[in-house]
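A.B. asks: Quick one: the structure is below, and I'll ask about it shortly.
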Amino acid sequence: QVQLVESGGGLVQPGGSLRLSCAASESISSIYAMGWYRRSPGNELELVASMSTGGSRNYGDSVKGRVTISRDNAKNMVYLQMNNLKPEDTAVYYCNADSLTWAAWGQGTQVTVSS
């Protein structure tokens, strides 16, 4: 089962940008969907974005228009570009691999949006 490692989180001011990266331990080209989820204190796990092998993208309502997911199958990497960040985007962001028969999760990376 693939192992996922996130990076790129940190502290950013409102209106700022961050690019999260997810490195997979093996090929992701055949994994049905790669995605990003987040969880903030007191809230449930929330879909941020996902992208299928066919290139179809799905975004959470709260981030539409502000984030872009991409995947580089050749490098076994998944990226999340986040722009115009808001304090409510503060959360731990998790990379996810969904093969339809199993799922894998990274350990998470903290994103804090604060002035």
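A short reminder: the numbers here are calculations on the coordinates, not readings from a lab. If you're wondering where the values come from, they're calculated on a predicted model, not measured in any experiment. No Cβ is skipped: glycine too gets one built from the backbone with ideal geometry, and neighbour counts run over all protein chains shown.
A.B. asks: From the phi angles alone, apply the Karplus equation (6.51, -1.76, 1.60; θ = phi - 60°) to the range 9-19 and give each ³J(HN,Hα) in whole Hz, x where the residue is Gly or Pro.
C.D. replies: Using θ = phi - 60°, the values come out as x, x, 9, 9, 7, x, x, x, 10, 9, 10 Hz.
A.B. asks: Suppose R0 equals 22 Å; then what is the FRET efficiency for residue 64 and residue 5 from their Cβ-Cβ distance, rounded to the nearest 0.05?
C.D. replies: Details: r = 27 Å, r/R0 = 1.21.
E between residue 64 and residue 5, to the nearest 0.05, is 0.25.
A.B. asks: I've got another one for you. Roughly what would the spin-label model give for residue 102 and residue 47, points 7 Å off Cα along C-beta, in nm?
C.D. replies: 2.3 nm
A.B. asks: What percent does the relative contact order of the range 1-41 come to when contacts are Cα pairs within less than 8 Å and at least six residues apart? Please report the intermediate quantities before stating the final value.
C.D. replies: On the way: 28 pairs, mean separation 16.2, N = 41.
Averaging sequence separation for qualifying contacts and normalising by length gives 39 percent for the range 1-41.
A.B. asks: Sticking with this one: Mind telling me which of 104, 33, 91 comes out most flexible in a GNM of the chain, alpha-carbon contacts under 10 Å?
C.D. replies: 104
A.B. asks: How high is the relative contact order of the chain, in percent, counting Cα pairs under 8 Å that sit 6 or more residues apart?
C.D. replies: Contact order relative to length: 38 percent.
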